[in-house]
Every structure is written in structure tokens, then in C-alpha cells.
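A.B. asks: My questions all concern the structure below.
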């Protein structure tokens, strides 16, 4: 396989295992580029990419922007906080105004699930979903699986537990889809109040005891508590959450094996994970950040090729 069968990257759900592996193989090549003295290639020299963020973002936006610049694309950054959206402009009007500036690709984050899918039906540009509400965050899941593959050699057959606020997490859903397509076993772990009611219907194991979950897994992907999305209290206090579900060195030391620790960021240090775990040799959190640029370069490059074709 040499190209994706899709014009957009709206969710992992839409990708096949072959397409995910194509993205990974392409990212391998770009990772080599990022380690050279000259970290740029002319692959997207004539392509204009707009980063359209209706929600706050630091790591994802910077990662995409760096990926675009490493590919020599022209980049436009749009933030809703300083735009006509504040004056009541619709999503479609906003994007059409951006497209009238001859933009080829749109990287979009929006608080409403399905917003990128809506746009994909109405406009010609390639769309990459950089997170839509609590629905999906495909490039985060791709870089997470890519990082597991890099660390352990393969994703297939690995046991991965996703710990924490599964209910409000777009990262969790995309990760479940990606890991399963690549042949991993997936478990979710957290307070019952933070697990979606029908989560087991996705074919994942469910565990309420953090120690049992960590004893089972090869990899623990630890999510932050998304207080900004929680409209009610799902647990008594952050301190209590940390006592029951926080991953600390003391807990890891009681396991009879070493496991890989991941976190999509931003980290609430001392809540879901302690600093001595986040900064330990077990952790590949910084590798995830580094791999994010290579994986996003691969996605941009492959989608641009689809457009040209």
C-alpha cells in the first residue's frame, strides 16, 4: 500500500490496519529527517495548511505547526478566541472565509463531536481532526501506538491499559480503536463514574482496581482528569482520586515486572501520576511528544498526496 484510501483523517474508526501501518512506515522516514542537522524537506512546498482551533491547545497545535513547517508548507494559524466566531459567525462561514484564501488542508479542533465530519461534507479541502469534543483525537492515538511499536517492537499481542477519565476522553476512544486494529488487548481502568456505561461493548476489559490493571498490562496510558469537561462531581476530591487511582513509584515497585508508562499530556502532576513516575526510565512521555511531529508529518504528507492524486 502506497497511499491512504481516504481524503480526510476524521477518526481512527475510518482507517484500516494497513493504512495505520503505512502512516507508521512514513513516520519512520520522517523521524530520520527530524534527527538530521537540516530538519526540513520540500514535500509540501506548494501546499497551504490552516490550523483552525476552536478550543485551547498547546502541544497538539505546536506539534502540527512544526510538522507543517518541517514539510515546507505555508501555514496559517486561526484561533477562535480572537476571531469573528465571537461575533456569531457560523463554523461553515468561518471555514469558507479561510478557504477563500486558497487553503488546501485544514487541521481542526472543535468542542463539538462531529464538527470535522460536518465540514468534510461541505468543503473540498483535506480535513484532519485534531480533536472533536469527547469523540476522537486520531493523531494522538496514532502517535501513542507508534511510540509503543518503537519501544516494544510491535503493538500486536501487547496488553495496554488506559487509566483515568475515560468518560470525557477523546484520546481513550481513538486509542481503543487504533490498538485493537493493530492487534493489542485493551483494558480500561478508573472509577465506575468515569467509565462510559457501554464501554465493554467496544471489546475492552474493564477493571476498577488500579493494582490489578497494572499487574495485567505491558503498557499503561494514563489520562488526566478533565475537570473542564465535567459538569458534575464524579468523585469526592482530587486527593481521593489520587489515593485510589494515582500511579506512583511505590505502586510500581510492588509489581513483579516493569511496565511502560505513557501520558498524552498535559500532566496533572501529583494527581493521576507522580513526578517520580513521569520522569522515570519507565516513562516514554517525552518520546510521545517527539513522535507526534513525525506522525503528523506522515499524515499531512499522505493526505496531500491523496489530494494531488
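The values are calculated or read from the model by the stated rules, or taken from the named source; none is laboratory data. Quick caveat: nothing in here was measured; it's all calculated off a predicted structure. No Cβ is skipped: glycine too gets one built from the backbone with ideal geometry, and neighbour counts run over all protein chains shown.
A.B. asks: Could you check, for segment 102-113, whether at least one of its residues is crowded, with 24+ Cβ neighbours inside 10 Å, in a helix (DSSP H, G or I), over 12 Å from the mean Cα position of the chain (by Cα) and in contact (Cβ under 8 Å) with a residue 24 or more places away in the chain?
C.D. replies: Within segment 102-113 (the criterion being crowded, with 24+ Cβ neighbours inside 10 Å, in a helix (DSSP H, G or I), over 12 Å from the mean Cα position of the chain (by Cα) and in contact (Cβ under 8 Å) with a residue 24 or more places away in the chain), the answer is no, since none of the residues qualifies.
A.B. asks: Right, something else. Among (1) assigned to a loop (DSSP other than H, G, I, E, B); (2) modelled with pLDDT of 95 or more; (3) touching a helix residue (DSSP H, G or I) at 6+ places or on another chain (Cβ under 9 Å), where does residue 66 come up short?
C.D. replies: (1)
A.B. asks: Any idea which of 212, 205 is in the same structural domain as residue 145 (by TED's automatic domain parsing), modelled with pLDDT of 95 or more and touching a helix residue (DSSP H, G or I) at 6+ places or on another chain (Cβ under 9 Å)? Before you say what the answer is, go through the steps one by one.
C.D. replies: Values: 212 fails: touching a helix residue (DSSP H, G or I) at 6+ places or on another chain (Cβ under 9 Å).
Unique residue meeting the criteria: 205.
A.B. asks: Given the conditions (1) assigned by TED's automatic domain parsing to the domain that holds residue 246; (2) in contact with a helix residue (DSSP H, G or I) (Cβ under 9 Å, 6 or more places away or on another chain), which single one is not true for residue 105?
C.D. replies: Unmet for residue 105, out of (1) assigned by TED's automatic domain parsing to the domain that holds residue 246; (2) in contact with a helix residue (DSSP H, G or I) (Cβ under 9 Å, 6 or more places away or on another chain): (1).
A.B. asks: Being more than 16 Å from residue 162 (Cβ to Cβ), in contact with a helix residue (DSSP H, G or I) (Cβ under 8 Å, 6 or more places away or on another chain) and either surrounded by 12 or more Cβ atoms within 10 Å (Cβ to Cβ) or at pLDDT below 90 (or both), is that true of even one residue in segment 216-226? Working first, answer last.
C.D. replies: Narrowing segment 216-226 to residues more than 16 Å from residue 162 (Cβ to Cβ): none.
Taking every residue of segment 216-226 in turn, none turns out to be more than 16 Å from residue 162 (Cβ to Cβ), in contact with a helix residue (DSSP H, G or I) (Cβ under 8 Å, 6 or more places away or on another chain) and either surrounded by 12 or more Cβ atoms within 10 Å (Cβ to Cβ) or at pLDDT below 90 (or both).
A.B. asks: For segment 114-136, enumerate the residues that are in contact with a strand residue (DSSP E or B) (Cβ under 9 Å, 6 or more places away or on another chain), part of a loop (DSSP other than H, G, I, E, B) and more than 23 Å from residue 264 (Cβ to Cβ).
C.D. replies: Residues satisfying the conditions are 123, 125.
A.B. asks: May I pose another question? Kindly indicate the residue of segment 163-176 that is within 13 Å of residue 200 (Cα to Cα) and touching a helix residue (DSSP H, G or I) at 6+ places or on another chain (Cβ under 6 Å) and also surrounded by the fewest Cβ atoms within 10 Å (Cβ to Cβ) among those meeting that condition.
C.D. replies: Applying the filter and picking the extreme gives 167.
A.B. asks: In segment 1-20, what count of residues is obtained for those that are assigned to a helix (DSSP H, G or I), buried (at least 17 other Cβ atoms within 10 Å of the Cβ) and in contact (Cβ under 8 Å) with a residue 60 or more places away in the chain? Quick ask: steps written out before the conclusion?
C.D. replies: Going through segment 1-20, the residues assigned to a helix (DSSP H, G or I) turn out to be 12-14, 17-20.
From what is left, the residues that are buried (at least 17 other Cβ atoms within 10 Å of the Cβ) are 12, 14, 19-20.
From what is left, the residues that are in contact (Cβ under 8 Å) with a residue 60 or more places away in the chain are 12, 20.
The qualifying residues number 2.
A.B. asks: Next up: Looking at (1) exposed (fewer than 14 other Cβ atoms within 10 Å of the Cβ); (2) at pLDDT below 95; (3) outside any loop (DSSP other than H, G, I, E, B), can you tell me which one residue 25 breaks?
C.D. replies: Every condition holds for residue 25 apart from (2).
A.B. asks: Restricting attention to segment 140-159, does a residue exist that is over 27 Å from residue 294 (Cβ atoms) and surrounded by fewer than 16 Cβ atoms within 10 Å (Cβ to Cβ)? Working first, answer last.
C.D. replies: Within segment 140-159, the subset over 27 Å from residue 294 (Cβ atoms) is none.
No, segment 140-159 contains no residue that is over 27 Å from residue 294 (Cβ atoms) and surrounded by fewer than 16 Cβ atoms within 10 Å (Cβ to Cβ).
A.B. asks: Something else: What about residue 144, is it under 24 Å from residue 246 (Cα atoms), in contact with a helix residue (DSSP H, G or I) (Cβ under 7 Å, 6 or more places away or on another chain) and assigned to a helix (DSSP H, G or I)?
C.D. replies: On the way: under 24 Å from residue 246 (Cα atoms): yes; in contact with a helix residue (DSSP H, G or I) (Cβ under 7 Å, 6 or more places away or on another chain): yes; assigned to a helix (DSSP H, G or I): yes.
It is true that residue 144 is under 24 Å from residue 246 (Cα atoms), in contact with a helix residue (DSSP H, G or I) (Cβ under 7 Å, 6 or more places away or on another chain) and assigned to a helix (DSSP H, G or I).
A.B. asks: Hey, among the residues in segment 186-202 that are in contact (Cβ under 8 Å) with a residue 24 or more places away in the chain and out of contact with any helix residue (DSSP H, G or I) (no Cβ under 8 Å at 6 or more places or on another chain), which one's farthest from residue 239 (Cα to Cα)? Reasoning before the result, please.
C.D. replies: Quick first cut of segment 186-202, residues in contact (Cβ under 8 Å) with a residue 24 or more places away in the chain only: 186-191, 193-196, 199, 202.
Now narrow it down to the ones that are out of contact with any helix residue (DSSP H, G or I) (no Cβ under 8 Å at 6 or more places or on another chain): 193-196, 199.
Values: 193: 16, 194: 16, 195: 19, 196: 22, 199: 26 Å.
The qualifying residue farthest from residue 239 (Cα to Cα) is 199.
A.B. asks: So in segment 74-101, with the set limited to residues that are within 30 Å of residue 42 (Cβ to Cβ) and assigned to a helix (DSSP H, G or I), which one is modelled with the highest pLDDT?
C.D. replies: So in segment 74-101, the residues within 30 Å of residue 42 (Cβ to Cβ) come out as 74-79, 95-101.
Still in the list and also assigned to a helix (DSSP H, G or I): 95-99.
On the way: 95: 79, 96: 80, 97: 84, 98: 80, 99: 78.
By that ranking, first place goes to 97.
A.B. asks: Now, a different point. Here is a check on your reading of the model: is residue 300 in a helix (DSSP H, G or I), over 20 Å from the mean Cα position of the chain (by Cα) and buried (at least 17 other Cβ atoms within 10 Å of the Cβ)? Step through it out loud before you land on a result.
C.D. replies: Details: in a helix (DSSP H, G or I): yes; over 20 Å from the mean Cα position of the chain (by Cα): no; buried (at least 17 other Cβ atoms within 10 Å of the Cβ): yes.
No; evaluated as a whole, the condition is false for this residue.
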